[in-house]
1. Looking only at segment 79-94, filter to residues that are in contact (Cβ under 8 Å) with a residue 24 or more places away in the chain and part of a helix (DSSP H, G or I); which one of those is farthest from H61 (Cα to Cα)?
2. Only one of these conditions is not met by R9: (1) assigned to a helix (DSSP H, G or I); (2) under 16 Å from the mean Cα position of the chain (by Cα); (3) of a type in the set (K, R). Which number is it?
3. Regarding segment 63-77, can at least one residue be identified that is out of contact with any Gly (no Cβ under 6 Å at 6 or more places or on another chain), of a type in the set (G, A, S) and part of a loop (DSSP other than H, G, I, E, B)?
4. Select from segment 16-36 the residues that are at pLDDT 80 or above and more than 28 Å from the chain's Cα centre (by Cα) and list them in ascending order.
5. Among the residues of segment 37-94 satisfying the criterion of being within 11 Å of the chain's Cα centre (by Cα) and among the β-branched types (V, I, T), which is surrounded by the most Cβ atoms within 10 Å (Cβ to Cβ)?
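The values are calculated or read from the model by the stated rules, or taken from the named source; none is laboratory data. This structure is a prediction, so every number in the text was calculated from the model and none was measured. Cβ coordinates were reconstructed from backbone atoms using ideal geometry, including for glycine residues, and neighbour counts include every protein chain displayed.
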Amino acid sequence: MVSKEIVERMILLHPYLISTYGATARSVIKQSINTEIYDELIRHIKRLTPQYAPWGPTKKHLKDRISRKKWDPQVLQRMFELLAKDDEVEITQGDPNKPGRKADHFRWIGGQ
């Protein structure tokens, strides 16, 4: 159990912690939302890679799966850019023998 005295001391300490360490609720929430989006994209890439073999799902396939979430499009685009740097996801342009515009395909190449 936490005593009233401890709570009062923490309340007094809060402004110091914010100014010194920059720990804001907004930054914590923002980070957790980014993690949620990234994890959701990874989950769908893992699940859909066999279904869309050999290239993997396109960005449109992934966006269709998460469209009900109503995430900020700019944040979502940043998460797709981060996927390009992930060692367990390979991004290709799809079948080079097919005519037309080439879409980015996300293929899971990591472990389980």
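1. My answer is L82.
2. Of the numbered conditions (1) assigned to a helix (DSSP H, G or I); (2) under 16 Å from the mean Cα position of the chain (by Cα); (3) of a type in the set (K, R), the odd one out for R9 is (2).
3. No: zero hits.
4. Once the filter is applied, which keeps residues that are at pLDDT 80 or above and more than 28 Å from the chain's Cα centre (by Cα), segment 16-36 yields only Y16.
5. I37
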